[in-house]
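To start, the structure under review is shown below, and the notes come after it.
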Amino acid sequence: MKKIVCFLFSLCLLSFSVPAVYAEEQSSYSYDDATKISVTVPEYHSVTGELPDGVVLYMDGNAVNATNVKRLSSHTFTIGNTDGNNRKIDKVYVNGEDVTEEIMGEGYNVPSVYRDLFFTVTLGDEILPGNLEFSSEIGKNAPTVKLTPEDIQAIEDAVLTDEDEESVKNGSQINIMLSVTDVGNSITDREKSLINAFISGKFTPGEYLNIEILKTTDNVETYVTQLSNEIKLTLTIPEYLRAENRTFAMVRLHNGETTLLEDLDNSADTITFSSDKFSVYVIVYADQNSNNPTDTTNTGDTTPIALLVLFLTVSATTLCLFGKKKEN
Amino acid sequence: MKKAAAVILASIITSLAVTSVTVHAEDRSTLITTTISPTFTVTVPLSVKVPFNSISTDFGTVSLDAARLESDKCVVVTLETDNTLDNKSNPDETIPYSIHNKSDDSVFVSGTYISAGEKSDLSINIKQDDWNSAYAGDYEDTVTFHIQYTDK
């Protein structure tokens with residue numbers, strides 16, 4: 001019986017200790033929770049801009065509109081005007097940062113591109129003076145033109161009108177181009193016959209040329225066929241036309257009218273002429289000892305007939321005189 | 001003896017049947033006790049992708065929700081991080097970062113929470129210079145939130 005009582009007491013004590021253990025377990029505990037953070041850094045960055053017409057962005061010397069560059073690569077940016085813009089560039093911003101001074105100077109250098117670049121350009125009110133440029137273009141097989149600075153100035157003076165000069169002051173871009181083209185294969189039969197009829201018996205046609213003056217004002221092209229003054233042009237005579245005792249001249253065919261323009265220089269290698277009209281020209285020549293200047297075919301018979309006749313006449317006369325003396 | 005044993009047995013059975021209820025016959029008062037287990041929910045930030053070039057990105061919130069704590073206890077959330085995002089292709093290339101309390105911009109190391117609704121709004125901060133020098137690629141790091149129910 002005592003054993004039973006002890007067992008029941010022990011059971012009783014045990015039943016009271018359970019909540020205490022539970023409390024002890026709940027008094028402090030912990031757990032972990034993991035979270036991931038991720039990032040993607042792009043491999044390329046864009047280079048774009050909001051540029052006014054006529055303003056060009058250059059990257060490393062090449063004009064760019066919109067492009068991508070490798071991240072952390074190095075580039076230098078400059079900016080410039082083309083014919084389409086005659087206003088002074090006021091400010092240049094990259095992603096809102098003012099870089100006008102750098103980009104208008106030696107260039108805006110980005111040693112390491114780490115973001116997209118967006119260029120913004122604003123123009124000022126100031127009108128930039130325009131520009132006048134001259135160039136010449138010599139076509140295939142055409143003779144070259146010798147031009148001194150004075151010659152170019154004279155061409156510009158003769159081509160530009162008062163309005164042209166005013167528009168240059170107001171920012172216009174004017175280009176004057178003198179072009180010389182061999183038109184031997186494209187000249188019309190009518191043009192050829194007009195020229196040949198004009199020089200018949202006096203000159204031989206050498207090379208048919210189209211000499212043109214093209215004036216481009218702010219991308220608008222105009223062929224100038226009538227100048228305000230005459231200008232002098234010096235062409236190099238093609239090698240295949242050169243010969244001893246040969247004289248050259250130019251024949252101009254303008255609006256159906258042919259005109260002979262004499263060579264104004266003393267050089268055998270060049271021909272200089274003055275003209276204020278520009279269209280089809282022909283280098284013509286005449287050989288001084290030729291009876292038929294239009295027939296330049298070399299037959300190979302170079303015997304001086306007149307001299308021979310004279311020699312034979314003298315010989316016959318001498319023989320006759322000697323014969324009469326012997327008879328006496 | 002049998003009677004004595006019967007009395008003892010009866011008292012034991014009575015004590016087992018009504019746990020923690022003691023009746024003092026002398027003053028006739030009744031003490032009722034009970035145990036309420038502490039319960040709480042801690043919310044930690046979910047995984048996040050930081051936008052490129054963002055110097056401060058919302059990382060979410062550490063908060064104590066639906067809490068029923070013991071009066072002398074609290075919940076402590078401790079952040080374990082090496083503060084470095086590693087390039088997945090080349091672990092030598094890294095981007096340093098830090099996790100901040102948005103309320104005062106202090107670096108978040110740990111937070112102590114006592115009652116439901118208490119929270120810490122966090123942000124992931126990456127310095128612009130660190131962005132600028134980062135190589136291209138995908139970067140990643142895992143942070144661990146240690147949650148402890150402990151004494152105040």
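Before moving on, here are some points about what is shown:
- Between B:Ser47 and A:Ser136, the FRET efficiency from the beta-carbon distance, with R0 = 56 Å, is close to 0.20.
- When peptides A:258-269, B:30-41 are ranked by their average number of other Cβ atoms within 10 Å per residue, the highest-first order is A:258-269, B:30-41.
- P(r) for region A:131-287, from all Cα pairs and a bin width of 5 Å, is 2, 9, 18, 21, 19, 13, 9, 5, 3, 1, 0 %, short bins first.
- Sites A:Glu262 and A:Met104, calculated FRET efficiency, Cβ-Cβ separation with R0 41 Å, nearest 0.05: 0.15
- Global form of region B:36-144, assessed from the alpha-carbon gyration tensor, a/c cut-off 1.5: prolate
- Charge tally in the Cβ shell below 14 Å around A:Val280, where Lys, Arg are +1 and Asp, Glu are -1, A:Val280 excluded: -2
- Near A:Ile237, the amide H atoms lying under 5 Å from its own belong to A:Thr270, A:Ile271; only residues 5 or more places off or on other chains count, and H is placed 1.01 Å from N.
- Once the chain from A:Thr225 to A:Asn185 is taken as fully extended at 0.36 nm per residue, the excess over their C-alpha distance is 12.2 nm.
- Greater than 31 Å apart at Cα, pairs in B:Lys88/B:Lys152; A:Lys146/A:Lys202; A:Lys202/A:Lys277; A:Lys88/A:Lys140; A:Lys91/B:Lys102: B:Lys88/B:Lys152; A:Lys88/A:Lys140; A:Lys91/B:Lys102
- Amide H to amide H, with H built 1.01 Å from N, A:Ser136 comes under 5 Å of A:Leu178, counting only residues 5 or more places away or on other chains.
- Dipole magnitude for region B:69-152: about 300 debye, using +1 per Lys or Arg Cβ and -1 per Asp or Glu Cβ, origin at the Cα centre.
- Net charge of the neighbourhood of A:Met177, taken over other residues with C-beta under 12 Å away and scored Lys/Arg +1, Asp/Glu -1, is -4.
- Percentage of interatomic Cα-Cα distances in region A:44-127 larger than 22 Å: 17 percent
- Sites matching trypsin sites (Lys or Arg not before Pro) across region A:83-184 that sit in DSSP coil, with at most 10 neighbouring C-beta atoms within 10 Å: A:Lys140
- Estimated distance in nm for a label pair at A:Lys88 and A:Arg242, the labels positioned 7 Å out from Cα along Cα-to-Cβ: 5.3 nm
- For region B:137-152 versus region A:54-80, the spacing of their alpha-carbon centroids is 45 Å.
- Positive minus negative residues near B:Ile124 (Lys, Arg vs Asp, Glu; Cβ under 13 Å): -2
- Rounded if a/c under 1.5, otherwise prolate or oblate - region A:147-235, Cα gyration tensor axes: prolate
- Residues whose placed amide H lies under 5 Å from that of B:Phe40, excluding near-sequence neighbours: B:Arg68
- Those residues of region A:208-246 whose amide nitrogen sits under 12 Å from the label point placed on A:Met177, 7 Å along Cα→Cβ: A:212-217, A:219-223
Computed from the coordinates by the stated procedures, all read-outs in this text should not be read as laboratory data. What you are looking at is a predicted structure, and each value in this text was computed from that prediction instead of being measured. Note that each Cβ is placed from the backbone with ideal geometry, even for glycine, and that neighbours are counted across all protein chains shown.
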